[in-house]
1. Determine whether the stretch 38-58 contains at least one residue that is within 18 Å of residue 84 (Cβ to Cβ) and touching a helix residue (DSSP H, G or I) at 6+ places or on another chain (Cβ under 9 Å).
2. Taking only the stretch 25-47 into account, find how many residues are surrounded by 16 or more Cβ atoms within 10 Å (Cβ to Cβ) and modelled with pLDDT of 95 or more.
3. Going through the stretch 114-124 one residue at a time, which ones are modelled with pLDDT of 95 or more and not in a strand (DSSP E or B)?
4. (1) closer than 25 Å to residue 8 by Cα; (2) in a strand (DSSP E or B); (3) in contact (Cβ under 8 Å) with a residue 24 or more places away in the chain: which one isn't true of residue 108, the others all being true?
5. Applying the selection to the stretch 53-86, what residues are assigned to a loop (DSSP other than H, G, I, E, B), over 13 Å from the mean Cα position of the chain (by Cα) and closer than 26 Å to residue 115 by Cα?
6. Quickly run through the stretch 1-24 and pick out the residues that are exposed (fewer than 15 other Cβ atoms within 10 Å of the Cβ) and without any contact (Cβ under 8 Å) to a residue 40 or more places away in the chain.
7. Quick one: residue 118 ticks every box in (1) surrounded by fewer than 14 Cβ atoms within 10 Å (Cβ to Cβ); (2) within 22 Å of residue 16 (Cα to Cα); (3) in contact (Cβ under 8 Å) with a residue 12 or more places away in the chain bar one, so which box is it?
């Protein structure tokens, strides 16, 4: 059973948004990718889609979540299930931003509006 200690989990910076990769194939996971994402107020991940479902769970703060053109606010304990192909963009709400957990199948591809495809670094 692989154990990844918090201090050993890799940190990524995506335009100032902190992402900690806590489950990925390079850490022994074969099916699920998990990342803890920290947003400052107003920080946003640009709109995109995925080829698989993503589950987003809010740990703390307030997450503004744009999903297929409709915005909602998620509070601690709230969960969004993002269906494959849905355009979404999470951002940190006021006043404290947000801390979330993002869960996706291993190998999930991020698809940009222009069609570019990539695998998030924390999911490799």
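The values are calculated or read from the model by the stated rules, or taken from the named source; none is laboratory data. In this text the structure is predicted, and so the values were computed from the model without any measurement. In this analysis, Cβ positions are derived from the backbone assuming ideal geometry, glycine residues included, and neighbour counts consider all displayed protein chains.
1. no
2. Let us first name the residues in the stretch 25-47 that are surrounded by 16 or more Cβ atoms within 10 Å (Cβ to Cβ), namely 27, 29, 33-39, 43, 45.
Those left that are additionally modelled with pLDDT of 95 or more: 33-39, 43, 45.
Looking only at that region, the number is 9.
3. 114, 115, 116
4. The one condition residue 108 does not meet is (2).
5. Here is the first cut: in the stretch 53-86, the ones assigned to a loop (DSSP other than H, G, I, E, B) are 53, 62, 68-69, 75-78, 83-86.
In the following step, the residues that additionally are over 13 Å from the mean Cα position of the chain (by Cα) were identified as 62, 68-69, 75-78, 83-86.
Selection gives 68, 69, 83, 84, 85, 86.
6. Answer for the stretch 1-24, where residues must be exposed (fewer than 15 other Cβ atoms within 10 Å of the Cβ) and without any contact (Cβ under 8 Å) to a residue 40 or more places away in the chain: 1, 2, 3, 5, 6, 7, 8, 11, 13, 14, 15, 16.
7. Against the list (1) surrounded by fewer than 14 Cβ atoms within 10 Å (Cβ to Cβ); (2) within 22 Å of residue 16 (Cα to Cα); (3) in contact (Cβ under 8 Å) with a residue 12 or more places away in the chain, residue 118 comes up short only on (3).
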